[in-house]
Amino acid sequence: MKTYSVARYLEGLPKQTRTLLHSCAYGIGAGLAAVAFQLCITFCYKKGLVALANESKLTFALGSLAIMLVSSLIVGLLLNLFCPVAAGSGIPQLKLAFWKDFGTVPFRVAWVKFAAGVLSIGGGTSLGREGPSVQLGGAIASNLAGLAGEAKQNRRAAAAAGAAAGLAAAFNAPLAATTFVLEEIIGDLNSRLLGSVLLASMLGALAVNGIIGKQPAFALKDVDTPTWLAYALTPVVAALASLVGVYFQRFSLGLRQWTKSVGWCPPWLLPAIGGLITWGLGVGVFCGTGKLGVFGLGYGDLSQALSGGVAWNLAALLLVAKFIATFCSYGFGGCGGIFSPCLFFGGMVGIFVSGVVGLEWPTAHADSTTLAVVGMSATLGGVVGAPVTGILIVFEMTHQFALVPALMLGALVSQSISRKMNHENFYDALLVQDGHRIEKIRPPRDLQSWQQSSVAGILTDRPVVVADLSPALIQQTLKAHPYERFPVVQDGKPTGILTREEAQAALAEKRPPKLEPVTTCRADQTIRELQTLLINSTTQFVVVLDDHGGVQGVITLHDLLRAEVQKAES
C-alpha cells in the first residue's frame, strides 16, 4: 500500500518536480549504499588483515590464510547460487542492463553484490570497491524507481544516476563520476540525462563527506610545480603505465576465458583459487617488506609511495606482485573492481621510473609525485577507455592543481597506445567475451519518419546461426552465446527457429530438437511492417533476408522496444 501511495502522489506532481525528486532519491539512496559498502569493507579489512599484521609472521600467515579461504568460498557460493551477474566489477553488467533491459536491475543484484563485495575485498582479495559501488548504486536506484512507480522500460535515468552517485561516494570524486557514467555507460557526454547524473553524483559525494569526511583518498602535501625532467619523463611513464594496463586486460580476460572453457573446477570454487594465489603473494611480500599492498585496495602503500616513502625497487616488487594477484583474482571470478588496482599499478610505475632516473639525475619530490599520478591516470584511462575520467578522478582524489598539465599529456600518450593495442576497453571486451553486443540505436526524432524508416537501421547484422543440429554443435552454440533464439540455416536458407529451452530439453532427452516456424522480412521493409510481423510471430523473432534469400540479420521484439524507447528519450 505504501508503494502505491508514493507512486500515486508523485504522479500528481509536475514532470520537472517529479524528475528532481527522483534524482535526489537516487543520489541519496545510492550514495548511502556506497558509503555503507565502504565502511563495511574497511571494518572487515582492519579487524582482519591489519590486526593480524601486528602479530607474529606465523600468526599473520595462518590467520590471513583462514580469512581469505573462508571469505572466498562464501563469495563463490553467493555468486553462483544467487546471482552470477554480481561477479567481477559490475560495471559491464550495469552497462548491459542500461542498454538491453532499460535500466532495470533486480534487487538481488544489490544485496549479493554488497555481501560478496564486502567479504571479497574486506577479506583481502586484490580488487577494488569502486566498480562494485557503481553496480550497487545503479541497482539501488533502479529499485527505488520501481517503488516510485516507474515502469521497467523507463529506468535508464535511475540506473545512470545511481551509478554516478555510487562512484562519487566511493572515490569522493563527483566530477569524475559524472564523466565516467556519460563516457562509459551512456556513451554520450551531451546526454539528456546529464542533469540527473550530475545531481545524483553531487548527492553521493555529499553523503560520503557527511558520514566519513571530506578528505581525499590520497593525502598529499602541497605539490610544487614539477621541473622539466618530470615533463620529459611523462610520456615514458604514461607509455609504460598504459602497457601495464593493456597486458593486465589481456591476462585477466584470457584467464577468465580459460577458466570458463576448461571446466576442470566447479565455478563456486574458482574465487578461492584466486584468493589463495593472492594470499601466497601477499604473505611473501609482507614477510619480506612489511607491506600489505598486495591485499585489498592497496591504498595505504600507494599513499606512502606518493609521499616518497617507497623506494623504486620496492615499487617494482609491489607492482609485479599486485599485478599477478589482481588478474588472478579477477580471472578466477572474484567479486571486485579494477579501478583501485589500476591506480596502484600506474602509481608504482611512476615511482619506479622516477627512482631509476634518480640514480643518475636528481629528481625532486614534486617530480616523483607527478610521475606517480601520471602513471595512475594513464593506466586507469587506458584500461577503462575514459581519458577524461582518468584525469579528473586522480585530480579529485589528490586535490592538486599543479598536476593537471602532466595528467593531460599522459592521457594523450596512454590513449594512443591502449587504443592501438586493444580494440575494446576492459568492459566492452568482457561483454564481447560473454557473447553480448550492445546496440546503441538512435532513431530519428520525427515519429512518422521513424515508422517509415527501413528495418536495416535496427537489425543485428551479425546473427549467430545454427547450420547443424548435431548435439555437439548445439551444445557448443549454447555455451558460447547467451541468446534465447537461434535461426537454423540449411542450404543457405532459414528453415526454423531453435529456442534455448527446446535445445536444452533435446540435449537432456537425447532427441532431435523441434523447430519453431521462421518469420522473415526484407531489410528494405518499413518498421511499421516489422511491428506486425513481430506481433504475429510465435517467437517474437524475425529473420531479415538479403536479396538472395540468405540471412542478413535478425530482429527481436526486445530490439524494437529498445529502439522505440530510445526514440521516446531522444
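The values are calculated or read from the model by the stated rules, or taken from the named source; none is laboratory data. Remember, predicted model here, so these are calculated numbers, not experimental data. Please note: Cβ atoms are built from the backbone with ideal geometry, for glycine as well, and neighbour counts cover all protein chains shown.
Can you confirm whether Gly496 is farther than 21 Å from Ala480 by Cα and either within 36 Å of the chain's Cα centre (by Cα) or not hydrophobic (A, V, I, L, M, F, W, C) (or both)?
On the way: farther than 21 Å from Ala480 by Cα: no; either within 36 Å of the chain's Cα centre (by Cα) or not hydrophobic (A, V, I, L, M, F, W, C) (or both): yes.
Considered against the rule, which asks whether it is farther than 21 Å from Ala480 by Cα and either within 36 Å of the chain's Cα centre (by Cα) or not hydrophobic (A, V, I, L, M, F, W, C) (or both), Gly496 comes out as no.
A single entry from Leu561, Leu534 fulfils the requirement of being closer than 13 Å to Ile458 by Cα, in contact with a Phe, Trp or Tyr (Cβ under 9 Å, 6 or more places away or on another chain) and part of a helix (DSSP H, G or I): Leu561.
With respect to the stated conditions, Gly263 fails to be buried (at least 18 other Cβ atoms within 10 Å of the Cβ) and at pLDDT below 95.
When the helices (runs of 4 or more DSSP H) confined to segment 99-175 are screened for residues that are in contact with a strand residue (DSSP E or B) (Cβ under 8 Å, 6 or more places away or on another chain), farther than 23 Å from Leu560 by Cβ and polar (S, T, N, Q), none reaches at least 3 such residues.
When only residues in segment 37-51 that are of a type outside the set (Val, Ile, Thr) and within 20 Å of the chain's Cα centre (by Cα) count, which is surrounded by the most Cβ atoms within 10 Å (Cβ to Cβ)? Reasoning before the result, please.
Looking only at segment 37-51, we keep the residues that are of a type outside the set (Val, Ile, Thr), and these are 37-40, 43-49, 51.
With the extra rule that they be within 20 Å of the chain's Cα centre (by Cα), the set shrinks to 37-38.
Details: Phe37: 24, Gln38: 21.
Applying the filter and picking the extreme gives Phe37.
Take the conditions farther than 20 Å from Leu561 by Cβ, free of Cβ contacts under 8 Å to residues at least 60 places away in the same chain and part of a strand (DSSP E or B) and apply them to Val488. Does it pass? Spelling it out, Val488 is indeed farther than 20 Å from Leu561 by Cβ, free of Cβ contacts under 8 Å to residues at least 60 places away in the same chain and part of a strand (DSSP E or B). Per the listing Thr278, Thr234, the residue uniquely surrounded by 14 or more Cβ atoms within 10 Å (Cβ to Cβ), in the same structural domain as Gly334 (by TED's automatic domain parsing), more than 25 Å from the chain's Cα centre (by Cα) and at pLDDT 90 or above is Thr234.
Looking at Ala51, Ala25, Ala33, Ala86, which is the one that is assigned by TED's automatic domain parsing to the domain that holds Val197, among the hydrophobic types (A, V, I, L, M, F, W, C) and without any contact (Cβ under 8 Å) to a residue 12 or more places away in the chain?
The match here is Ala51.
Can you find a residue that is free of Cβ contacts under 8 Å to residues at least 60 places away in the same chain and not assigned by TED's automatic domain parsing to the domain that holds Gly337 anywhere in segment 196-205? Yes; the residues of segment 196-205 include at least one that is free of Cβ contacts under 8 Å to residues at least 60 places away in the same chain and not assigned by TED's automatic domain parsing to the domain that holds Gly337.
Counting only residues that are more than 24 Å from Thr227 (Cβ to Cβ), small (Gly, Ala, Ser) and touching a Phe, Trp or Tyr at 6+ places or on another chain (Cβ under 9 Å), give me the helices (runs of 4 or more DSSP H) lying completely in segment 268-382 with at least 2 of them.
Numbers: elements: 270-289, 299-306, 312-331, 339-358.
Answer list for segment 268-382: 270-289, 312-331.
All told, Ala456 falls short of being more than 21 Å from Leu96 (Cβ to Cβ), modelled with pLDDT of 80 or more, of a type in the set (Gly, Ala, Ser) and part of a helix (DSSP H, G or I).
Screening Ala311 with (1) surrounded by fewer than 20 Cβ atoms within 10 Å (Cβ to Cβ); (2) in contact with a Ser or Thr (Cβ under 9 Å, 6 or more places away or on another chain); (3) not aromatic (Phe, Trp, Tyr) gives one miss only, at (2).
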